[in-house]
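All remarks here apply to the structure that follows.
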Amino acid sequence: MSKFTLLLLLVSVAFTFADMDNDPNRAPPCDPAVCVLPDCFCSEAGTTIPGNLPSNNIPQMITITFDDAIDNNNIDLYKEIFNGKRRNPNGCDIKATFFVSNKYSDYSAIKEMHKKGHEIAVRSISHNDDETLWSDTTVDNWGKEMAEMRKIIEKYANLPENSIGGLRAPNLRIGGNHQFRMMEEQKFFYDSSITSTLNNPPLWPYTMHFRMPHSCHGDLQNCPTG
């Protein structure tokens, strides 16, 4: 191996595992003067409420999500949960987001859930259980797993083109800058893989234009820094 090849390898490894403090291409800290809703939201501590509304005036918001296949083993349970009797305070039925992987999926069942107003998102084609694969894989492989899964769902569940905007990494193993570069290139709007420690007050959802307002939760996680 030449010295030049070794140097490139070391630079690549350093870039992949650089943390938010040491990545020379790291995202800048939050600038609320530039980061303005509806396109961008950030706060230095992650706890600022949009519009500076008092916390006692904010209703509790609950997200309901399910992972992997929708098939004949669980569709009846989903119908029981979302039976039209559980409603939000405004009278609308509760809805969920389904992060779907290809294995065992019944695409007619996926179509049925989408028709009822639930959100369909992606969780990869293979759902490979090798956790290091997701932490270290390339931008191209992320695209093959997530963007191609979106195409499969849209084709076989007959969903409108570009109706799928979100993804969740298998085993919540974040793919660092490679994952988020793929998401930008493939026009995914959000990730539901990054976790944080319990916080009081809780963190508010944020966009990824600026530095994450919390540390990467988990010693082996590869959070985006760029």
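The values are calculated or read from the model by the stated rules, or taken from the named source; none is laboratory data. Quick caveat: nothing in here was measured; it's all calculated off a predicted structure. All Cβ positions, even for glycine, are placed from backbone atoms using ideal geometry, and neighbour counts span all protein chains on display. For accessibility, only protein heavy atoms count, side chains too; no ligands or nucleic acids. Shrake-Rupley method; radii C 1.70, N 1.55, O 1.52, S 1.80 Å.
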If I take R0 = 22 Å and measure r between the Cβ atoms of residue 81 and residue 154 in this structure, what FRET efficiency does the formula 1/(1 + (r/R0)^6) give, to the nearest 0.05? 0.30
Could you tell me how far the Cα centroid of the stretch 155-223 sits from the Cα centroid of the stretch 118-151, in Å? 12 Å
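What value in Å³ per residue do you get for the convex hull of the alpha-carbon atoms in the stretch 144-226?
Values: hull volume 9.5 nm³, N = 83.
Convex hull volume per residue, Cα atoms: 115 Å³.
Can you compute the charge dipole magnitude of the chain about its Cα centre, using +1 on each Lys and Arg Cβ and -1 on each Asp and Glu Cβ, nothing else charged? Give it in debye, rounded to the nearest 20. Intermediate values should be presented prior to the final figure.
On the way: 21 positive and 28 negative charges, 119 e Å.
Roughly 580 debye, rounded to the nearest 20.
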Leaving ligands, DNA and RNA out of it, rank 104, 190 by accessible area with a 1.4 Å probe, largest first. 104, 190
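Take the solvent-accessible surface of the protein heavy atoms, probe 1.4 Å, and return the percent of it on the stretch 94-199 that carbon and sulfur atoms account for.
On the way: 2510 of 5190 Å².
Carbon-and-sulfur percentage of accessible area, whole number: 48.
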In a Gaussian network model of the chain with springs linking alpha carbons closer than 10 Å, the residue among 203, 172, 77 that fluctuates most is 77
What whole-number value in cubic angstrom gives the convex hull volume per residue for the C-alpha atoms of the stretch 183-226? 92 Å³
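Helix-derived [θ] at 222 nm for the chain: sum -39500 (n - 2.57) over DSSP H runs of at least 4, divide by residue count, nearest 500? Numbers along the way, then the final one.
Details: 6 runs with 66 residues, N = 226.
The per-residue figure over the chain is -9000 deg cm²/dmol.
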Looks like the stretch 87-177, by Cα gyration tensor root eigenvalues a ≥ b ≥ c and the a/c under 1.5 rounded cutoff (else prolate when a/b is bigger than b/c, oblate otherwise), is prolate
Taking only Cα atoms of the chain, the Rg to Rh ratio with Kirkwood Rh works out at 1.00
Classify the stretch 43-99 as rounded, prolate or oblate, taking a ≥ b ≥ c as the square roots of the eigenvalues of its Cα gyration tensor: rounded when a/c is under 1.5, otherwise prolate if a/b is larger than b/c and oblate if not. oblate
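Which of the helices in the chain, when you take each full DSSP H run, stretch at least 18 Å along the axis at their Cα atoms and have an average Kyte-Doolittle score of 0.5 or higher? Working shown, then result.
Details: long enough: 3-17 (21 Å, 2.10); 139-156 (25 Å, -0.97).
Membrane-span-like by this rule: 3-17.
Within the chain, how many lysine pairs that are 8 or more places apart, or on different chains, have C-alpha atoms less than 12 Å apart?
Details: 79/95; 79/116; 85/95; 95/115; 95/116; 111/155.
Count of close lysine pairs: 6.
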